[in-house]
Structures are given as C-alpha cells and as structure tokens.
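S.K.: Below you will find the structure I want to go over with you.
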Amino acid sequence: MRRGAWVALALTPLLGVLGFGAAKTWAVAKELVDPPFYRAQPLVRVEGTYRDLAAGQDGDPGGTWSSEAAGDLQVWRFKRPLPTPGVVLLLHGFGDDRWGTSPALKWFPGLDATIFTYRRRDDAMRAGGPVPPVTFGALESQEVVRVVHHLEAMGIPRQRVLLLGRSLGASVGLLALADLEREERGPLAGIIWEGAPASSRSFAERLVRGPKDRLWHVLAPPIGAASSALAGRLGSYDPARTDLLSRTAGPILETPSLCFVATQDRLAPPDIQRSLAARFRSSQKIEVATWHLHCAEALGSGYTQAIQAAVDRWFPAEAAPK
C-alpha cells in the first residue's frame, strides 16, 4: 500500500470525528434558536383554552381575559372576579408560548395573571412570516422587564408582581429579576422557578449528552461551546448574556424565592439551581428526586400546596385592594 493511502487510512477516524462534530454543532445550534418541536396552536384552540380557564372549575374562580399592547408585545391579562393582592406573570419555557403555560394560572386562584409570548413568535408563525429566533433569555428577559414596567404604568407596583418560570422560563425570570433589582426600585413580590438551564452553552452540551452517559460524551463540551456560539450568531445575541451565574452575580437578591430542584435533572444541573437559590436573601428550596419539569407530577398536591403557601406569605390577605 502506498504511503498516501496509509495516511488517508490513518486520518479517516479523525475526519469522521470532525464530521460528526460539525453536524452535531449545526443541529444543536438550530434547535437552540428554533426548537423543532414547537408549533403554534391554531387560534381557535387557544381561544377555547382561554374560555375554559375563564369559566373556572375545581375551586378555581375563573376570571375575565383582556389584551393590550406593551410596545411591540401583546400582553394578555386575566382578572379574577374579586379584588386580589397582586398579579402573577407567567413565563413560558423552551419551545412553548402563552397558550402552553396559561393553565399554570390555576395554581394561583387568589391572584390575577399576565401572560405573553416572547418576541411574539406564535403570531409570526401563524402569519407565515419570518419567525424571530429564540435567544435563550438574552432578549426574552428584556421583554419581561418591559412587561413589569408596563404593569407598573398600569398602577400595579412591582411589590405586587410575582414571577413564575419553569425550564427556560425560569432562566428568563431570573435574568429579568436581576436586571429589575439593579434598577434599585425595590424587590418584586416573589419568584417561583424550576429547572433553570445554566446558560445556552450548558444547555447545548446537555442536549448533546442526551438522557444517559456514553463514551463519546468527551466531545460534548467542545460541541456545546461551538453550538452556543453558532446559535448566538444565528440569533444575533451574545451567549454570555444567557449565563445565569454571571448575570445574577452582585448584591444579594431581595425578592423572595421558591425553587423546586429536580435532583436527577440533566438539562438544568441541580448544583447550579442550589447556587442560584443561595443568592436570595429569602429562599425556600424543595428538592425532588425526579427529572426535568416533573416536580409537579412527583409531588402531586404538595406542589400546589407549596406554591399557595408561598403566595400566602408574600401576599397577606389584608394587602388585597378593597
């Protein structure tokens, strides 16, 4: 065999690894900016879900929906039939929208609610036009800040606003909260969060790893880093702006926190959740031996009870307007 053939044979495994890395990097980067499993629901289905929530059931009093513009965002507000002490801002997760997270308002029967879709991606998808990329919290968190400012302008002080976020919604909420507290205009009523990915880079690496460890996962860190960087270029954002530990660094957070930690979570590392929970002056941490986004299922009624106990602490009954 000629020398060139031996060299080509020797390089084949390396070329295979490089080819696999390049293909995986592109696939993960595309998933970060445009989740392949997300499809905006038809408006008739969204409106049907909203009607069901407005009617109320199983002890939930229901309420009345209205919508309004907050700059270029479309904000939906849910008003309970009786005065409440505050409002919960529901933040949806990765590959979701306002419809997908709207049923969570049933965990807060004594509060009004506000909801919106980041970057109006659902509207853009239904219209068949260009769909804004997911920026993994870099731009979405700025929209949350704008909605809180909008609520303040409507007469709802931030001390009466509660954030709820799960998965990417938790990351978005924490990033927004850190920015809001830097304004030095006081804390929010509280934040309830679960399964916050540490950063786009961390999430990308864990997407590569999948549900169980394999020998080739030695490639996951460099592929995750490359995927995050490529996603940043595709989505026109700085991946460093998605890093929770760096973005929440600084003064201790004054907004009280309730955190559910899924101890078997591979997408939102439990050690990161614990480190983030420690950055609050007042923080309750509930650890559950389960996987990503399964805390409610694992705890059953205990999940709702923990949320409602936190709401009772943060919104005393006498705080409700007469």
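S.K.: Taking region 259-273 as the region of interest, how many residues are among the hydrophobic types (A, V, I, L, M, F, W, C), buried (at least 24 other Cβ atoms within 10 Å of the Cβ) and more than 22 Å from Leu188 (Cα to Cα)?
M.R.: Qualifying residue count for the region: 1.
S.K.: Here is a check on your reading of the model: is Leu276 surrounded by 15 or more Cβ atoms within 10 Å (Cβ to Cβ) and either in a loop (DSSP other than H, G, I, E, B) or modelled with pLDDT under 95 (or both)? Break it down stepwise before answering.
M.R.: Working: surrounded by 15 or more Cβ atoms within 10 Å (Cβ to Cβ): yes; either in a loop (DSSP other than H, G, I, E, B) or modelled with pLDDT under 95 (or both): no.
It is false that Leu276 is surrounded by 15 or more Cβ atoms within 10 Å (Cβ to Cβ) and either in a loop (DSSP other than H, G, I, E, B) or modelled with pLDDT under 95 (or both).
S.K.: Considering only residues that are touching a helix residue (DSSP H, G or I) at 6+ places or on another chain (Cβ under 6 Å) and of a type in the set (Ser, Thr, Tyr), look in region 279-313 and name the one that is surrounded by the fewest Cβ atoms within 10 Å (Cβ to Cβ).
M.R.: Thr304
S.K.: Just one of the numbered conditions (1) part of a loop (DSSP other than H, G, I, E, B); (2) within 22 Å of Pro133 (Cβ to Cβ) is not true of Lys30; which one?
M.R.: Failed condition: (1).
S.K.: Still on this structure, please answer the following. Looking at this structure, is Gly190 closer than 24 Å to Phe280 by Cα and crowded, with 19+ Cβ neighbours inside 10 Å?
M.R.: Judged against the criteria, Gly190 is a match.
S.K.: Is at least one residue of region 314-321 assigned to a strand (DSSP E or B), surrounded by 16 or more Cβ atoms within 10 Å (Cβ to Cβ) and over 18 Å from the mean Cα position of the chain (by Cα)?
M.R.: Looking only at region 314-321, we keep the residues that are assigned to a strand (DSSP E or B), and these are none.
Within region 314-321, none of the residues are assigned to a strand (DSSP E or B), surrounded by 16 or more Cβ atoms within 10 Å (Cβ to Cβ) and over 18 Å from the mean Cα position of the chain (by Cα).
Here is a yes/no grid of residues against (1) in contact (Cβ under 8 Å) with a residue 40 or more places away in the chain; (2) surrounded by fewer than 22 Cβ atoms within 10 Å (Cβ to Cβ):
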residue	(1), (2)
Ala124	no, yes
Val131	yes, yes
Gln142	no, yes
Glu152	no, yes
Val161	yes, no
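S.K.: May I ask you to say which residue of Ser228, Ser246 is of a type in the set (S, T, N, Q) and in contact (Cβ under 8 Å) with a residue 24 or more places away in the chain?
M.R.: None of the other options fit; the residue is Ser228.
S.K.: Starting from region 201-219, take each residue that is within 14 Å of Thr25 (Cβ to Cβ) and list its partners that are modelled with pLDDT of 80 or more and of a type in the set (Asp, Glu), counting only C-beta distances under 7 angstrom and pairs at least six apart or across chains.
M.R.: Leu207/Glu31
The values are calculated or read from the model by the stated rules, or taken from the named source; none is laboratory data. What you see is a predicted model, and the numbers here were worked out from it, not measured in a lab. Here Cβ is always computed from backbone atoms with ideal geometry, including for glycine, and neighbour counts include all displayed protein chains.
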